[in-house]
Amino acid sequence: MKNKRSVLRLLDTIGTISKTLFGTMDTEDFQIIIEQIKLLQSNQEILHHAIKHHLKAVNATIGHLELENINSYCCKRAIQRDKELIKTWRGIETG
């Protein structure tokens with residue numbers, strides 16, 4: 001066990017020296033990169049959740065607006081029919 005730790009320390013030392021000389025990645029760099037990747041994944045999940053709920057709200061609003069447009073169209077048609085009926089009744093009364 002003690003011999004294994006010595007070997008690991010030696011490998012870390014070699015990694016640190018090669019990082020300094022050649023710009024290669026050592027164990028510490030690897031851990032930092034892994035932490036950053038996990039942070040990006042977490043942020044992506046949070047954004048996905050927020051976008052999903054915002055899209056639900058937008059789609060509900062669009063649905064409501066479409067319903068309002070249909071209602072508005074129906075009301076306009078009903079008003080036009082009523083105007084035509086009133087014109088017809090006036091024609092009957094005056095005729």
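Taken together, the values in this text are just the output of simple stated rules run on the coordinates, not laboratory data. Bear in mind the structure is a predicted one, so any value in this text is a computation, not a measurement. Positions of Cβ are generated from backbone atoms using ideal geometry, with glycine treated the same way; all protein chains shown enter the neighbour counts.
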Residues that are out of contact with any Ser or Thr (no Cβ under 9 Å at 6 or more places or on another chain) and either surrounded by 11 or more Cβ atoms within 10 Å (Cβ to Cβ) or among the basic types (Lys, Arg) (or both), drawn from the range 26-49: Asp29, Phe30, Ile32, Ile33, Lys38
Only one of Thr61, Thr88, Thr27 is under 30 Å from Leu8 (Cβ atoms), among the hydroxyl-bearing types (Ser, Thr, Tyr) and free of Cβ contacts under 8 Å to residues at least 40 places away in the same chain. Can you tell me which? Thr27
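Surrounded by 10 or more Cβ atoms within 10 Å (Cβ to Cβ), touching a Gly at 6+ places or on another chain (Cβ under 6 Å) and charged (D, E, K, R): does that describe Asp82? Spell out how you get there, then give the answer.
Values: surrounded by 10 or more Cβ atoms within 10 Å (Cβ to Cβ): yes; touching a Gly at 6+ places or on another chain (Cβ under 6 Å): no; charged (D, E, K, R): yes.
It is false that Asp82 is surrounded by 10 or more Cβ atoms within 10 Å (Cβ to Cβ), touching a Gly at 6+ places or on another chain (Cβ under 6 Å) and charged (D, E, K, R).
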Filter pass, Gly91 being in a helix (DSSP H, G or I) and exposed (fewer than 10 other Cβ atoms within 10 Å of the Cβ): yes
Positions within the range 6-23 being surrounded by 12 or more Cβ atoms within 10 Å (Cβ to Cβ) and of a type in the set (S, T, N, Q), in sequence order: Thr16, Ser18
